[in-house]
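K.L.:
Right, I'll just put the structure down here and ask away after.
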Amino acid sequence: MAPFWSSILELKPQLVQACLGPTATGLVSGAKFHSALQEIYNQNGLVDRDFINSAPHHFNSEAFLEGRALITEGMAAIKANIRKQNFQAARETLGRVLHTLQDFYSHSNWVELGYKEPYINLIRPDLPLEDLADVNTPTCKDCPSGTCTNSILSTPLGQRGPPQCCCKCSHGGQPPAAAGHPFTMQYDVTVRTERDARMMGIARSSVVCFVIDTTGSMADDIAEARATVNEIIDSKKGTQDEPSEYILVPFNDPAFGPPFKTTDPNKMKEEVAKLTATGGGDVPEMCLSGLQLALTNAPASSNIYVFTDATAKDIALKDTIVALIRSSKSTVSFLISAGGGRRRRSLSAASSFEDYIELALASGGQAIQVSKAQLPEATDVIIDTSTSALVKLFKSFYLRHVAPQETFPFMLDESLKNITVYLTGTSISFILTNPAGVSQSSNEATGKLGTIKTVGNLRRIRFTADIQTGTWKININSNQPYTLKVTGQSTITFIYEFVERFGGPHPGYAVLSGRPQAGTLHAIKQFKGFTTVVRCTSLTVHCNGKK
């Protein structure tokens with residue numbers, strides 16, 4: 001069975017601002033913080049699945065020294081991974097360590113002996129573990145009936161696992177002595193550095209990653225990428241929209257990479273300034289190899305922007321790229337410039353720009369096709385989307401099945417700001433209508449509802465600041481393929497995971513790698529303490545005539 005777990009959540013701004021500074025401006029989203037916590041929870045639960053028979057992982061069978069070794073070694077690994085900025089590995093290790101630490105209090109009689117403070121010796125290998133019961137030392141009175149009270153002996157800490165023989169305490173179930181009682185602890189998580197904050201998902205805007213074609217015709221594009229990086233750095237410094245990290249991945253043919261990563265904006269400026277355009281005379285380039293390198297080096301939920309003027313030579317990587325996009329939940333957008341002067345392949349060749357469109361759609365991003373002269377205007381999209389608390393409100397597309405006219409409704413509520421509509425395609429006309437019935441057509445660049453900017457195949461509609469809540473509609477008329485996306489900013493967001501159940505003494509859920517099988521999906525939705533479970537009969541989704 002493969003359930004679908006989701007949560008609609010809101011994080012109070014005070015938590016993030018306490019870490020980022022009280023003077024930082026802008027909206028604050030709790031999505032990354034809650035996702036980081038969920039990774040920790042998931043790994044905590046998986047100890048019961050992956051190490052079910054390991055005594056040290058659960059402090060069973062008097063494995064006190066071995067259990068403490070797991071904790072102290074795990075703490076060292078967490079610190080090392082934070083230093084190396086391997087934040088996901090740090091979170092996963094933290095979840096496993098916490099399970100073992102918690103099991104000490106659940107599987108020993110520490111609580112029943114009256115101790116009310118954490119046992120500091122568990123994280124201090126230089127201190128002895130005192131007063132422990134060995135395998136032959138009784139920790140409970142004999143209780144043949146299984147219903148005895150006050151059966152805990154008053155001396156050693158003992159062992160609390162499955163009953164082995166007379167006079168050892170059982171774990172869980174009926175008395176004696178509230179067996180399996182968990183010890184409630186307060187974990188003092190002190191965020192001392194920016195890396196500690198990022199490990200817990202407390203950061204500014206998402207990581208921004210640039211994947212840049214450095215072949216001979218890309219001199220203008222590289223210059224624009226450089227200008228965009230500088231504008232992001234200069235305009236967002238000191239705000240909640242300041243990227244938490246910058247990544248640069250150049251690609252040429254046949255070389256690509258290496259990736260450059262930094263949290264220092266000035267170093268990023270310097271690195272982009274070093275890029276030069278050279279080589280690559282046979283048109284298709286190693287674009288997907290560069291994108292794969294970006295997806296494997298960037299953290300989850302990053303914003304990745306690809307600058308290129310050529311199709312992909314390494315199109316065989318397309319399915320791999322889709323899998324990486326789905327697992328990382330990163331957004332990939334392509335800025336495709338024409339007019340480089342190089343002879344191009346036919347779009348009927350092994351790869352085409354349509355492949356970039358499909359990859360962008362798989363990630364919730366966009367593929368923007370412009371002339372090289374228009375590229376500076378198209379990069380406004382990067383400024384828009386490298387933003388804190390960005391939420392995707394609606395998405396639809398027609399690629400191969402084209403309907404001449406359709407109306408799409410979408411809801412706006414009072415939590416939303418900075419609403420923007422993006423349309424990509426040619427030969428498109430539209431009418432935007434607000435809940436009060438006020439309309440603005442595609443030929444009104446400035447109207448009552450917003451401002452429309454057209455660059456290449458992109459139409460960008462920025463709503464006025466006075467946004468009316470309720471159901472909006474956009475009626476689109478086109479005889480060509482197109483994509484539609486609506487975004488905004490809000491502190492309320494939506495996160496999800498595909499998970500599968502596992503059994504054993506402590507059943508639970510594990511995050512599913514890949515997509516679940518059709519016919520096995522359960523939708524588990526959580527909102528304000530209520531849970532709804534819905535069984536779905538198929539994973540096949542029909543979206544505007546396209547599966």
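The values are calculated or read from the model by the stated rules, or taken from the named source; none is laboratory data. Small disclaimer: the values here were computed from a predicted structure and weren't measured. Note that we place each Cβ from the backbone using ideal geometry, even for glycine, and neighbour counts take in every protein chain shown. Just the protein is used for accessible areas: all its heavy atoms, side chains included, with ligands, DNA and RNA removed. Shrake-Rupley method; radii C 1.70, N 1.55, O 1.52, S 1.80 Å.
K.L.:
Which one is nearest to S217 (Cα to Cα) among residues in the stretch 284-303 that are out of contact with any helix residue (DSSP H, G or I) (no Cβ under 9 Å at 6 or more places or on another chain) and surrounded by fewer than 22 Cβ atoms within 10 Å (Cβ to Cβ)?
P.N.:
Result: L293.
K.L.:
Can I ask one more? Tell me the residue from G257, G279 that is in contact with a helix residue (DSSP H, G or I) (Cβ under 7 Å, 6 or more places away or on another chain), under 26 Å from S352 (Cα atoms), free of Cβ contacts under 8 Å to residues at least 60 places away in the same chain and surrounded by fewer than 23 Cβ atoms within 10 Å (Cβ to Cβ), please.
P.N.:
G257
K.L.:
Take residues that are modelled with pLDDT of 70 or more and tell me which of the strands (runs of 3 or more DSSP E) falling wholly in the stretch 442-547 contain 2 or more.
P.N.:
Ranges flagged: 450-455, 458-463, 470-478, 482-489, 492-502, 508-511.
K.L.:
Tell me, which helices (runs of 4 or more DSSP H) wholly within the stretch 1-94 include 3 or more residues that are open to solvent by 30 Å² or more (accessible area, probe 1.4 Å) and at pLDDT 65 or above?
P.N.:
It comes to 31-50, 64-83.
K.L.:
Scan the stretch 172-192 and give yes if some residue there is at pLDDT 85 or above, over 16 Å from S302 (Cα atoms) and either of a type in the set (S, T, N, Q) or open to solvent by 60 Å² or more (accessible area, probe 1.4 Å) (or both), otherwise no.
P.N.:
Taking the stretch 172-192 and keeping what is at pLDDT 85 or above, we get none.
No, the stretch 172-192 has no match at all.
K.L.:
Restricting the search to the stretch 410-432, which residues are surrounded by fewer than 18 Cβ atoms within 10 Å (Cβ to Cβ) and in a strand (DSSP E or B)?
P.N.:
The answer is F410, M411, K417, N418, S429, I431.
K.L.:
Would you pick out the residues in the stretch 397-409 that are closer than 15 Å to W472 by Cα and either of a type in the set (S, T, Y) or surrounded by fewer than 16 Cβ atoms within 10 Å (Cβ to Cβ) (or both)?
P.N.:
Taking the stretch 397-409 first, the residues closer than 15 Å to W472 by Cα are 406-409.
Those that are closer than 15 Å to W472 by Cα and either of a type in the set (S, T, Y) or surrounded by fewer than 16 Cβ atoms within 10 Å (Cβ to Cβ) (or both): E406, T407, P409.
K.L.:
To continue, here is another question. Kindly evaluate L127 against the criterion of being modelled with pLDDT of 90 or more, open to solvent by 30 Å² or more (accessible area, probe 1.4 Å) and at negative phi.
P.N.:
It is true that L127 is modelled with pLDDT of 90 or more, open to solvent by 30 Å² or more (accessible area, probe 1.4 Å) and at negative phi.
K.L.:
Specify which of the listed residues (Y356, Y398) is at pLDDT below 85 and farther than 12 Å from R460 by Cβ.
P.N.:
The conditions single out Y398.
K.L.:
Restrict the check to the stretch 212-232 and report whether at least one residue is within 23 Å of the chain's Cα centre (by Cα) and open to solvent by 10 Å² or more (accessible area, probe 1.4 Å).
P.N.:
no
K.L.:
Looking only at residues in the stretch 485-508 that are small (G, A, S) and in contact with a Phe, Trp or Tyr (Cβ under 9 Å, 6 or more places away or on another chain), which one is surrounded by the fewest Cβ atoms within 10 Å (Cβ to Cβ)?
P.N.:
The extreme case among them is G508.
Every residue, every condition in (1) within 23 Å of I382 (Cα to Cα); (2) of a type in the set (S, T, N, Q), yes or no:
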{"site": "E406", "(1), (2)": "no, no"}
{"site": "F410", "(1), (2)": "no, no"}
{"site": "D413", "(1), (2)": "no, no"}
{"site": "N418", "(1), (2)": "yes, yes"}
{"site": "L423", "(1), (2)": "yes, no"}
{"site": "L432", "(1), (2)": "no, no"}
{"site": "P435", "(1), (2)": "no, no"}
{"site": "A445", "(1), (2)": "yes, no"}
